[in-house]
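Report on one structure; see the data block that follows.
The values are calculated or read from the model by the stated rules, or taken from the named source; none is laboratory data. Just so we're clear, the structure is a prediction, and the values are computed from it rather than from any experiment. In this analysis, Cβ positions are derived from the backbone assuming ideal geometry, glycine residues included, and neighbour counts consider all displayed protein chains. We work out accessible area using only protein heavy atoms, side chains counted, and drop any ligands, DNA or RNA first. Shrake-Rupley method; radii C 1.70, N 1.55, O 1.52, S 1.80 Å.
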Amino acid sequence: MSIEPLTDEERADALDALPDWDYDDGRDAISRSFTFPDFSAAFAFMTRVALYAEKHDHHPEWSNVWNRVDILLTTHDAGGLSHRDVAMAEAIEALAE
Ligand SMILES: C[C@H](O)[C@H](O)[C@H]1CNC2=NC(N)=NC(=O)C2=N1
């Protein structure tokens, strides 16, 4: 099944709804850093995101340093940002709480 990148208008709307996420022009991606009280909380968050990602067959590019988790979302199959990234970012927001 093919998946299309967002149009300029769809991307602008998505970014308005995700004020804590930055747009990466070069990658056509969105990114955000999360900071937690300690490594244990950061890794628990990563576990929740990993289970969500596997269930929805959509996976983040990410890294972790102690209490920080850096996440970048883009859709490799679309060659850029798609509605799957927006849905994932919304889910990640909820999983960070
Ligand atoms: C075969 C499998 O469905 C695809 O490779 C999925 C897996 N996870 C994915 N994750 C992301 N971020 N982009 C994709 O295009 C993607 N494709």
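Just a few scattered comments:
- Label-to-label distance, nm, for residues given as Arg27 and Glu54 (7 Å Cα→Cβ offset): 2.3
- Loop sites in the range 29-78: chymotrypsin sites (Phe, Trp or Tyr not before Pro), DSSP, at most 11 other Cβ within 10 Å: Trp66
- Based on C-alpha pairs under 8 angstrom that are at least 6 apart in sequence, the chain has a relative contact order of 34 percent.
- By accessible area, using a 1.4 Å probe on protein heavy atoms only, the chain has 51% of its surface on carbon and sulfur.
- Cα gyration tensor, the chain - rounded (a/c under 1.5), prolate or oblate: prolate
- For the chain, the solvent-accessible area of protein heavy atoms averages 59 Å² per residue (probe radius 1.4 Å; ligands and nucleic acids excluded).
- Maximal additional length on extending the Thr7-Asn64 stretch stands at 17.4 nm, based on 0.36 nm per residue less the C-alpha distance.
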